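Read through the structure below, which is laid out as structure tokens, and then see the notes.
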Amino acid sequence: MRSEDVINEQFRATKYVFGYDQFEVDNFLDRAAEALYRYETGEAAAHSLTASQVEDVKFESTRFKAGYDLREVDEFLDRLAAAFAQYERDHANQ
């Protein structure tokens, strides 16, 4: 996964069922895209996000306002955490 994949990811919106707060998810994914970009460009110092932090992130839930589909976000975060773990392993071996 690359930073552009994070930037281009779109989730189904929810309204009257539980979803994740869109603002929180978008802000977190902005941080993730920036951190991945640092890996991609070789800026190894001061990574602002780790695989563990991606795995542990929690978002506020919504119900009567627009949110993002819980399952879609969770599945994407699993793939994102795996990508960070791979970058971390590759970087540790350099």
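The values are calculated or read from the model by the stated rules, or taken from the named source; none is laboratory data. Bear in mind the structure is a predicted one, so any value in this text is a computation, not a measurement. Heads up, the Cβs are rebuilt from the backbone with ideal geometry, glycines too, and the neighbour counts pull from every protein chain shown. Calculation scope for accessible area: heavy atoms of the full protein, side chains included, ligands and nucleic acids excluded. Shrake-Rupley method; radii C 1.70, N 1.55, O 1.52, S 1.80 Å.
Couple of notes before you dig in:
- First in the range 21-38 and at negative phi, second anywhere and surrounded by fewer than 15 Cβ atoms within 10 Å (Cβ to Cβ) and of a type in the set (G, A, S), Cβ under 7 Å, 6 or more apart: Q22/A66; R31/S48; E34/S48; A35/S48
- Scanning the range 63-76 for residues that are open to solvent by less than 60 Å² (accessible area, probe 1.4 Å), among the charged types (D, E, K, R), more than 18 Å from R31 (Cα to Cα) and in a helix (DSSP H, G or I) turns up at least one hit.
- Test: F11 is surrounded by 12 or more Cβ atoms within 10 Å (Cβ to Cβ), in a helix (DSSP H, G or I) and in contact (Cβ under 8 Å) with a residue 40 or more places away in the chain: no
- Scanning the range 14-27 for residues that are open to solvent by less than 90 Å² (accessible area, probe 1.4 Å) and not hydrophobic (A, V, I, L, M, F, W, C) returns T14, G19, Y20, D21, Q22, E24, D26, N27.
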